[in-house]
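The values are calculated or read from the model by the stated rules, or taken from the named source; none is laboratory data. These numbers come from a predicted model, not from an experiment. Note that each Cβ is placed from the backbone with ideal geometry, even for glycine, and that neighbours are counted across all protein chains shown. Accessible surface areas use protein heavy atoms only, side chains included; no ligands, DNA or RNA. Shrake-Rupley method; radii C 1.70, N 1.55, O 1.52, S 1.80 Å.
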Amino acid sequence: MDLKPLFFSVIFLCISQLLATEKSALKPYQDVSFMTNKNKLLLNSHGVGMEASELQRWKRSAEDTSMLLDSPDYLDRGAAPRGDEELPTCLLCVCLTGSVYCEEVTPDMTAVPALPRETAYLYARFNKIARITNKDFADITTLKRIDLTGNLISSIDDGAFAKLDNLEELTLEHNRLTKLPILPAKLSVFNANYNLLKTKGVKATVFKKLTKLAYLYLSNNELEAVPQLPESLRIVHLQKNNIASVTDETFCKGNNTHYIRYTLEEIRLENNPIDLSQHPQSFICLRSLPFGIY
């Protein structure tokens, strides 16, 4: 006797029964759907087998997530787009804990991006940023280092860095600056090499007030005189400027022959139109003579 027809009949009946059971299980949830502000979640398949209490918890969780994504605090951290604005910073740049790297960004970055509030280190080098405004860093009081090397910066609002009480290092190398803004009090390293700075664009006491400044780099500019320097300074680079003279007060204290400037280790004045041998009294307080023409 051929048992094949009987065998296939039994298989067919089992499959039919199984499909009927699954259809019954799906029925309570198959039409359930709800809309959040961010996503339309359809439970035609995801709700299979859920108890009513579990479904409610899922709905509440999705709604809470939507509220978080819409919250101003979440958006202010640069984690999501702000309406019709450009892509959030952490999609254009690399954001690590406390650090933001925005180097050679495509499409062109022409302004300082919105930063997460906990940012301590910003590297926005080799972009096309043209101006720094008072608003760019106003709320980022955690910043310790800003590096804007290789941009097109020609203008900085006077108070752009004034409120950055924790800023220790500021690099503005290879830009188009003709004058400097107010600098924060805790600054220890300032680099503005390769700009267009002239003496009239540098306030007389802009560095003198910085009691923690140790490294000052102003080479390859158009300065006609050495700015007033703080006592804390260890290294100052002024090569390739238009400095034509120095006085007894530039590095020392004039007639005070007992004064020795112990902290100042290196002064570079080469490639300036000055003959240092004509100013012997200007260096009597120094532990070593400046680099330059004698």
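Within the stretch 101-112, residues that are open to solvent by 90 Å² or more (accessible area, probe 1.4 Å) have Cβ atoms under 6 Å from residues that are of a type in the set (Phe, Trp, Tyr) in these pairs: Glu104/Phe126, counting only partners at least 6 apart in sequence or on another chain. Residues in the stretch 169-184 that are out of contact with any Asp or Glu (no Cβ under 8 Å at 6 or more places or on another chain) and surrounded by fewer than 17 Cβ atoms within 10 Å (Cβ to Cβ) were compared, and the one that is nearest to Leu152 (Cα to Cα) is Arg176.
Of the residues Ile243, Ile293, the single one that is open to solvent by less than 30 Å² (accessible area, probe 1.4 Å) and free of Cβ contacts under 8 Å to residues at least 40 places away in the same chain is Ile243.
Residue check: is Lys163 in a loop (DSSP other than H, G, I, E, B) and either modelled with pLDDT under 95 or out of contact with any Leu (no Cβ under 7 Å at 6 or more places or on another chain) (or both)? It would help to see each step written out before you state the result.
Numbers: in a loop (DSSP other than H, G, I, E, B): yes; either modelled with pLDDT under 95 or out of contact with any Leu (no Cβ under 7 Å at 6 or more places or on another chain) (or both): yes.
Spelling it out, Lys163 is indeed in a loop (DSSP other than H, G, I, E, B) and either modelled with pLDDT under 95 or out of contact with any Leu (no Cβ under 7 Å at 6 or more places or on another chain) (or both).
Can you find even one residue in the stretch 220-233 that is over 33 Å from the mean Cα position of the chain (by Cα), of a type outside the set (D, E, K, R), more than 18 Å from Glu270 (Cα to Cα) and crowded, with 19+ Cβ neighbours inside 10 Å? The answer is no, given that none of the residues of the stretch 220-233 is over 33 Å from the mean Cα position of the chain (by Cα), of a type outside the set (D, E, K, R), more than 18 Å from Glu270 (Cα to Cα) and crowded, with 19+ Cβ neighbours inside 10 Å.
So which of Tyr262, Tyr217 is open to solvent by 30 Å² or more (accessible area, probe 1.4 Å) and within 19 Å of Glu168 (Cα to Cα)? It would help to see each step written out before you state the result.
Numbers: Tyr262 fails: within 19 Å of Glu168 (Cα to Cα).
On inspection, the qualifying residue turns out to be Tyr217.
Number of residues in the stretch 143-160 that are open to solvent by 30 Å² or more (accessible area, probe 1.4 Å) and touching a Phe, Trp or Tyr at 6+ places or on another chain (Cβ under 8 Å): the value is 2.
Tell me which residues, restricted to the stretch 128-149, are hydrophobic (A, V, I, L, M, F, W, C) and either under 12 Å from Leu115 (Cβ atoms) or without any contact (Cβ under 8 Å) to a residue 24 or more places away in the chain (or both). Break it down stepwise before answering.
Here is the first cut: in the stretch 128-149, the ones hydrophobic (A, V, I, L, M, F, W, C) are 129-130, 132, 137-138, 140, 143, 146, 148.
Phe137, Ala138, Ile140, Leu143, Ile146 - these are the residues of the stretch 128-149 that are hydrophobic (A, V, I, L, M, F, W, C) and either under 12 Å from Leu115 (Cβ atoms) or without any contact (Cβ under 8 Å) to a residue 24 or more places away in the chain (or both).
The condition of being more than 24 Å from Ser154 (Cα to Cα) and assigned to a loop (DSSP other than H, G, I, E, B) does not hold for Leu187. Of all the residues in the stretch 209-226, those that are under 13 Å from Leu183 (Cβ atoms), modelled with pLDDT of 95 or more and either part of a loop (DSSP other than H, G, I, E, B) or among the β-branched types (Val, Ile, Thr) (or both) number 5.
Restricting the stretch 246-259 to residues that are in contact (Cβ under 8 Å) with a residue 24 or more places away in the chain and open to solvent by less than 40 Å² (accessible area, probe 1.4 Å), the residue that is farthest from Ser219 (Cα to Cα) is Tyr259.
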